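In what follows, a structure is listed as structure tokens, so that the remarks can point back to it.
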Amino acid sequence: MNLLHHYLYRMRRAWVRLCRFRHRRGYGIHSPFAFAKVTGVFYERGTYYAYADLAAAYPVQPCGPTRSDLRLLLRLCNDAMPRTALVWTAAEDPATLAYLRAGRPSCHFSATTEAPHLAAAAVQPDLLYVDAGEQWSESLEPWLEATTDRSVLILRGIHRNRSMLAAWRRLQARQNVRVTFDLYEWGLAYFERRLNKQDYLISY
């Protein structure tokens, strides 16, 4: 995404946030699981110990995640408590990796800029972060087939273009995907089998 397209995307994201106003801070959500995610993770306003050091070490890049987005990633990882995680990005992204690591220092992280080889029979990462454009859908199929109750998928750019949005819609339709959150910039998928299947739009 070039700089002009990036700023247009940011403007559109701001407009969407305004249009989704009634979907903010858990309004209308009756699921305890979803309400806890919205109020205790997405909209958590507490200051984490790592925020200051990370902000100093990793200035925000023009086409990268915002500071607010990076802090959200830290909170998401802290909430998910993964034992293993894989970060797949189109280009090296040390800031994103650092924020995710700070959310769960005891987690074993791997990072790649190539489509990962995720054999269904292998031990799969609990948390999978993907910012790799349109190629993610087919590459993740083995992982999606082998998810557990601990599995969490974080996708960046689900509204970036029609192809990305279509892939996100297909993901939502999968039976083992129990709860999804559409934060416009981010798509989050949870696979815990006890959860009722539900898709949420969130103003973020």
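The values are calculated or read from the model by the stated rules, or taken from the named source; none is laboratory data. Everything numeric here is computed off the predicted structure, so don't read it as measured data. Methodologically, a virtual Cβ is constructed for each residue, glycine included, from the backbone with ideal geometry; neighbour enumeration extends over all protein chains shown. Surface areas here come from the heavy atoms of the whole protein model, side chains and all, with no ligands, DNA or RNA. Shrake-Rupley method; radii C 1.70, N 1.55, O 1.52, S 1.80 Å.
On inspection, P116 fails the criterion of being open to solvent by less than 60 Å² (accessible area, probe 1.4 Å), in contact with a Ser or Thr (Cβ under 7 Å, 6 or more places away or on another chain) and at pLDDT 90 or above. Kindly indicate whether W88 is buried (at least 21 other Cβ atoms within 10 Å of the Cβ), aromatic (F, W, Y) and over 22 Å from T39 (Cβ atoms). Criteria met by W88.
Within the range 17-73, how many residues are modelled with pLDDT under 80, crowded, with 17+ Cβ neighbours inside 10 Å and assigned to a helix (DSSP H, G or I)? So the count comes out to 2. Residue check: M11 meets all listed conditions (1) modelled with pLDDT of 65 or more; (2) part of a loop (DSSP other than H, G, I, E, B) but one, namely (2). Would you mind stating whether A95 is open to solvent by 20 Å² or more (accessible area, probe 1.4 Å) and touching a Leu at 6+ places or on another chain (Cβ under 8 Å)? When the stated conditions are applied, A95 does not pass them.
Suppose the filter is outside any loop (DSSP other than H, G, I, E, B) and charged (D, E, K, R); does R101 pass it? It is true that R101 is outside any loop (DSSP other than H, G, I, E, B) and charged (D, E, K, R). Scan the range 82-98 for residues that are assigned to a loop (DSSP other than H, G, I, E, B) and in contact (Cβ under 8 Å) with a residue 40 or more places away in the chain and jot them down. Passing the criteria: P82, R83, A90. Note on the range 157-173: residues that are in a loop (DSSP other than H, G, I, E, B) and open to solvent by 50 Å² or more (accessible area, probe 1.4 Å) amount to 2.
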